[in-house]
Amino acid sequence: MFHIHNGTSTTNTLREFGFPGEHFAFQEVLMAGPTPAGLSSNEWLDLRAMFLCEEYDLKLDDCKSDLLKQEATLQRFSEHDETVLWFEHDLFCQINLIYLLDWFSKQSLDKPRLSLICIDEFSGVKDFRGLGQLTGEQLASLFDGRHEVTEQELRLASRAWAGYCSANPEAIERLLEEGSSALPFLESALRRHLARFPSTTNGLGRIENQALEFISDGAKSFKSLFVRFAAAEPVYGLGDLQLWSELKRLARCREPLINVTGVDGVNRFNEASFDLTDTGGAVLAEERDFIEINGIDIWLGGVHLGDETL
């Protein structure tokens, strides 16, 4: 049996618990960075490796090697009689899930069974955020509740992945209008994705606006900010690295919206402290527009937002 987990925490917990089967942590971050449609496999590898390298201060060759190893490990599903996907409800998980379901839809599934475990709550766990919170015994209890992935789920995932990779966010809006009930957590996740696009009132998306509001309200340290953001926006499922990436963009621009102190190297951002600049206060108050001040050059799935596209 082949178990695919969205991250290392659940993988390690189930291995240590002794849950049978091969356990594999899928570690892409497809909710972040470019995912344009129409690329060859080599172009996709180069683009994703470059993004991960630059965004998380990694070595390019290591990123390429890890992505190639990940693809090779995925291919081992055919050696098992069943593959089980362990995922949850948030945007981080849902984007990786639809990618994987689309990938599996292109494989031969005549023999291996493909099953899914996907939850947004667990009995007795207050404020459930994800599978990483659960013990080995709790995770094992989910196994019998898995279901075999249906053709309807595979088709929806492929349409959703195509929409996410589209150069026009209207593709996602059309999908939501048509319905996505086959994957019950997909709609809320995709709506949160659309909320990442810049507001017409101040040029910021929902994540940046929330971060500025919390800093303005006294969450001056990264640790306190991360806790408040995770509590307010659990549907995003951001890890600390992803939130830090959003904050860097607000600090490293022509007219910074925040001042950052206490950071000593890429891996010490947990010690960072923040203050809102006058520009940040004006943008938060919708008196100025971030894009008019600083321009824009970001990817949201398959959509590239640059000064020339606005």
Flagged pairs (Cβ under 7 angstrom, 6 or more apart or on separate chains; first in the range 118-145, of a type outside the set (A, V, I, L, M, F, W, C); second surrounded by fewer than 13 Cβ atoms within 10 Å (Cβ to Cβ)) are 133/125; 136/16
Tell me, which helices (runs of 4 or more DSSP H) wholly within the range 125-187 include 1 or more residues that are surrounded by 16 or more Cβ atoms within 10 Å (Cβ to Cβ), among the aromatic types (Phe, Trp, Tyr) and touching a strand residue (DSSP E or B) at 6+ places or on another chain (Cβ under 8 Å)? 151-165
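Table: residues versus (1) modelled with pLDDT of 95 or more; (2) surrounded by fewer than 17 Cβ atoms within 10 Å (Cβ to Cβ).
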residue: 254; (1), (2): yes, yes
residue: 264; (1), (2): no, yes
residue: 276; (1), (2): yes, no
residue: 285; (1), (2): yes, yes
Scope the range 229-247; condition surrounded by fewer than 20 Cβ atoms within 10 Å (Cβ to Cβ) and either in contact with a Lys or Arg (Cβ under 8 Å, 6 or more places away or on another chain) or closer than 15 Å to residue 188 by Cα (or both); matching residues: 230, 232, 233, 234, 235
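Condition (residue is among the hydrophobic types (A, V, I, L, M, F, W, C), under 24 Å from residue 127 (Cα atoms) and in the same structural domain as residue 154 (by TED's automatic domain parsing)) applied to the range 96-112: is it met by at least one residue?
So far as the range 96-112 goes, yes, one or more of its residues are among the hydrophobic types (A, V, I, L, M, F, W, C), under 24 Å from residue 127 (Cα atoms) and in the same structural domain as residue 154 (by TED's automatic domain parsing).
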Contact list, first residue from the range 209-233 and within 15 Å of residue 196 (Cα to Cα), second anywhere and of a type in the set (Ser, Thr, Tyr), beta-carbon distance below 9 Å, six or more apart or interchain, is 209/199; 229/236
Which one is nearest to residue 101 (Cα to Cα) among residues in the range 30-54 that are among the small types (Gly, Ala, Ser) and in a loop (DSSP other than H, G, I, E, B)? 37
Name the residues in the range 55-83 that are in a helix (DSSP H, G or I), of a type in the set (Asp, Glu) and either modelled with pLDDT under 95 or touching a helix residue (DSSP H, G or I) at 6+ places or on another chain (Cβ under 6 Å) (or both), would you? 55, 79
Answer with yes or no whether residue 222 is out of contact with any Lys or Arg (no Cβ under 9 Å at 6 or more places or on another chain) and modelled with pLDDT of 95 or more. yes
Within 25 Å of residue 78 (Cβ to Cβ), in the same structural domain as residue 90 (by TED's automatic domain parsing) and of a type in the set (S, T, N, Q) - does that describe any residue in the range 116-131? no
Out of the range 36-50, which residues are touching a residue at least 24 places away in the same chain (Cβ under 8 Å) and either crowded, with 16+ Cβ neighbours inside 10 Å or closer than 16 Å to residue 72 by Cα (or both)? 36
Mind listing just one residue for me: the one in the range 84-124 that is assigned to a helix (DSSP H, G or I) and not hydrophobic (A, V, I, L, M, F, W, C) and, of those, surrounded by the most Cβ atoms within 10 Å (Cβ to Cβ)? 94
Kindly check whether there is at least one residue in the range 61-81 that is under 14 Å from residue 28 (Cβ atoms), surrounded by 12 or more Cβ atoms within 10 Å (Cβ to Cβ) and in contact with a Pro (Cβ under 9 Å, 6 or more places away or on another chain). no
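I'd like the residue in the range 12-39 that is polar (S, T, N, Q) and touching a helix residue (DSSP H, G or I) at 6+ places or on another chain (Cβ under 9 Å) and, out of all such residues, is nearest to residue 193 (Cα to Cα).
Of everything passing the filter in the range 12-39, 35 is nearest to residue 193 (Cα to Cα).
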Which residue out of 131, 109 is at pLDDT below 95 and among the aliphatic types (A, V, I, L, M)? 109
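The values are calculated or read from the model by the stated rules, or taken from the named source; none is laboratory data. Note that this is a predicted model, so its numbers are computed, not measured. Every residue, glycine among them, receives a Cβ derived from its backbone with ideal geometry; neighbour counts consider all protein chains shown.
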